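K.L.:
Mind having a look at this structure? Questions to follow.
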Amino acid sequence: MQYALREFFRHPEDVAKANLSGTLVGKRVIVQGLGNVGYHAAKFLSEEDGARITAIIERDGAIVDENGLDVEAVHQWIGKHGGVAGFAGATHHEDGARLLEAECDILIPAALESTINLGNADRIQAPLIIEAANGPITAGADDILRGKGTVIIPDMYANAGGVTVSYFEWVKNLSHIRFGRMERRADEARAQAIVDELERLSDDEGLGWNLSKDFKARYLKGDDELELVRSGLDDTMRTAYQSMREIWHSRDDVPDLRTAAYLVAIGRVAMSYRSKGL
């Protein structure tokens with residue numbers, strides 16, 4: 001989901017359709033459900049992309065802090081107390097569902113199916129919604145939101161990360177070798193050669209500069225297996241989004257990303273059948 005939002009914000013034309021601008025930095029985000037999906041989405045968006053998690057909605061209500069909640073601290077609190085009530089430094093609202101309608105830049109429904117429906121769709125203020133749960137927006141609510149100009153990043157794309165990484169794991173198991181095993185030391189050797197040459201030039205030519213230890217350590221370390229998997233996931237999510245947006249922008253009969261996602265999926269299934277002669 002993090003990579004889906006990152007790719008969306010790489011396209012100013014798409015961001016403008018949601019009446020937003022700029023990057024994820026400083027964007028106000030409301031997350032419904034701090035389970036496995038919601039927790040990691042909120043944590044990475046705040047820690048790595050500079051977004052502000054202004055509200056978290058749970059079973060016992062919601063907590064709000066316009067300056068941004070500490071997602072890890074909230075997660076630990078929920079683990080100990082079973083809910084968000086009593087979390088220090090934030091305002092608690094017993095009617096958590098009402099916070100779905102609060103002003104924000106990005107809304108992430110990551111808990112229940114049909115969370116946004118005919119009963120509340122017209123009051124949703126978020127200009128951009130990314131579906132982290134399966135089917136959190138009903139068909140009727142989708143029509144209302146689209147009529148308001150709300151941009152929805154659909155669940156069938158946003159939730160593809162888990163399946164994609166499972167595919168990577170399957171490929172790794174088939175090959176019986178971990179990612180990076182074959183090339184990691186060669187990459188480190190090339191990096192070391194570059195660092196050595198730069199330092200030699202600095203000494204021999206009297207350039208008077210030195211590489212920082214932090215840079216050298218990071219550059220020489222190379223990518224571990226987790227970083228390689230994240231790189232593969234990022235690439236997959238980027239190309240998938242680009243396929244959707246191409247249809248979204250090129251066809252007048254495609255009103256949103258959800259329809260575009262279905263067309264991409266159906267097209268790929270048809271291509272697979274044709275390649276098999278079916």
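A short reminder: the numbers here are calculations on the coordinates, not readings from a lab. Here the structure is a predicted model, which means the values were calculated and not measured. Neighbour counts run over all protein chains shown; Cβ positions are idealised from the backbone, glycine included.
K.L.:
Under 5 Å between amide H atoms, partner at least 5 residues away or on a different chain: which partners does Leu118 have, H built in plane at 1.01 Å?
P.N.:
Here Ala141 satisfy the definition.
K.L.:
Expressed as a rounded percentage, what relative contact order does the chain have, with Cα pairs under 8 Å and six or more residues apart?
P.N.:
Values: 401 pairs, mean separation 41.7, N = 278.
With pairs under 8 Å counted, the relative contact order is 15 percent.
K.L.:
How big is the shadow of the Cα convex hull of the range 83-167, averaged over all directions, in nm²?
P.N.:
Numbers: hull surface 27.0 nm².
Quarter of the Cα hull surface area: 6.7 nm².
K.L.:
Here's something else I'd like to know. In sequence order, what are the phi-derived ³J(HN,Hα) couplings for the range 69-84 according to the Karplus relation 6.51 cos²θ - 1.76 cosθ + 1.60 with θ = phi - 60°, rounded to whole Hz, with x for glycine and proline?
P.N.:
Ordered by residue, 3J(HN,Hα) equals 8, 7, 4, 5, 5, 5, 4, 5, 5, 4, x, 8, 10, x, x, 8 Hz.
K.L.:
Sticking with this structure for a sec: How much length would be gained if the chain were fully extended between His176 and Gln242, taking 0.36 nm per residue of separation minus their Cα-Cα distance, in nm to one decimal?
P.N.:
Details: separation 66, 0.36 × 66 = 23.76 nm, distance 3.21 nm.
This chain segment gains 20.5 nm when fully extended.
K.L.:
In addition: Counting other C-beta atoms within 10 Å, which of Trp170, Trp77 has the fewest, and how do the rest follow?
P.N.:
Trp170, Trp77
K.L.:
Please arrange Lys172, Lys17 by counting, for each residue, the other beta carbons lying within 10 Å of its beta carbon, fewest first. Mind dumping the intermediate values first?
P.N.:
Values: Lys172 15, Lys17 19.
Fewest to most other Cβ atoms nearby, the residues stand as Lys172, Lys17.
K.L.:
So, one more: Can you tell me, using C-alpha contacts under 8 Å and at least 6 residues apart, the relative contact order of the range 88-133 as a whole percent? Each step should come with its number before you reach the end.
P.N.:
On the way: 44 pairs, mean separation 21.4, N = 46.
Answer for the range 88-133 is 46 percent.
K.L.:
So, one more: Please report, in debye to the nearest 20, how large the charge dipole of the chain is about its Cα centre when each Lys and Arg carries +1 at its beta carbon and each Asp and Glu carries -1 there. Display every interim value, and only then the final one.
P.N.:
Numbers: 32 positive and 44 negative charges, 159 e Å.
Magnitude of the dipole: close to 760 debye.
K.L.:
Something else: When Tyr273, Tyr3 are ordered from fewest to most other Cβ atoms inside 10 Å of their Cβ, what list results? Don't jump to the answer; show the numbers that get you there.
P.N.:
Numbers: Tyr273 10, Tyr3 21.
Fewest-to-most ranking of Tyr273, Tyr3: Tyr273, Tyr3.
K.L.:
Which whole-Hz ³J(HN,Hα) couplings does the range 35-43 yield from phi under the Karplus relation 6.51 cos²θ - 1.76 cosθ + 1.60, θ = phi - 60°, glycine and proline marked x?
P.N.:
For the range 35-43, the Karplus-derived couplings read x, 4, 6, x, 4, 5, 4, 5, 4 Hz, x marking Gly and Pro.
K.L.:
If you don't mind, there's one more thing I want to ask. Counting C-alpha atoms alone, how compact is the chain: give Rg to one decimal and Dmax as a whole number, in angstrom.
P.N.:
When restricted to Cα atoms, the chain yields Rg and Dmax of 22.4, 73 Å.
K.L.:
What percent antiparallel are the DSSP beta bridges of the chain, to the nearest 5? Please report the intermediate quantities before stating the final value.
P.N.:
Working: 7 of 22 bridges.
Here the antiparallel bridges make up roughly 30 percent for the chain.
K.L.:
Another question, then. Considering only Tyr273, Leu20, Leu107, whose Cα is most displaced toward the positive end of the charge dipole of the chain, charges sitting on Cβ of Lys, Arg (+1) and Asp, Glu (-1)?
P.N.:
Tyr273
K.L.:
State the Cα centre-to-centre distance between the range 64-116 and the range 38-61 in whole Å.
P.N.:
A separation of 8 Å, based on Cα centres.
K.L.:
For the range 186-195, in order, what is each residue's ³J(HN,Hα) by Karplus, 6.51 cos²θ - 1.76 cosθ + 1.60 with θ = phi - 60°, in whole Hz (x at glycine and Pro)?
P.N.:
Each residue of the range 186-195 in turn: 5, 5, 5, 5, 5, 5, 5, 4, 5, 4 Hz.
K.L.:
Size of the dipole of the range 54-121 about the Cα centre, Lys and Arg at +1 and Asp and Glu at -1 on the beta carbon, nothing else charged, in debye to 20? Spell out each step's value before the answer.
P.N.:
On the way: 3 positive and 12 negative charges, 46 e Å.
Here the range 54-121 has a charge dipole of around 220 debye.
K.L.:
Name the residues whose placed amide hydrogens come within less than 5 Å of the amide hydrogen of Cys104, ignoring near sequence neighbours (fewer than 5 apart) on the same chain.
P.N.:
It is Ala126, by chain and number.
K.L.:
Could I ask something else about it? What value, in deg cm²/dmol to 500, does the helix sum -39500 (n - 2.57) over DSSP H runs of n ≥ 4 give at 222 nm once divided by the residues of the chain? Please list the in-between numbers first.
P.N.:
Numbers: 11 runs with 143 residues, N = 278.
It comes out at -16500 deg cm²/dmol, rounded to the nearest 500.
K.L.:
Turning to a different aspect of this structure: Using only the Cα atoms of the range 2-158, what do you get for the radius of gyration and for Dmax, in Å?
P.N.:
Looking at the range 2-158, its Cα Rg and Dmax stand at 14.4, 43 Å.
K.L.:
What is the magnitude of the charge dipole of the range 2-158 about its Cα centre, with +1 placed on the Cβ of each Lys and Arg, -1 on the Cβ of each Asp and Glu, and no other charges, expressed in debye to the nearest 20? Walk me through the intermediate numbers first.
P.N.:
Numbers: 13 positive and 23 negative charges, 23 e Å.
Using only the charged Cβ atoms, the result is roughly 120 debye.
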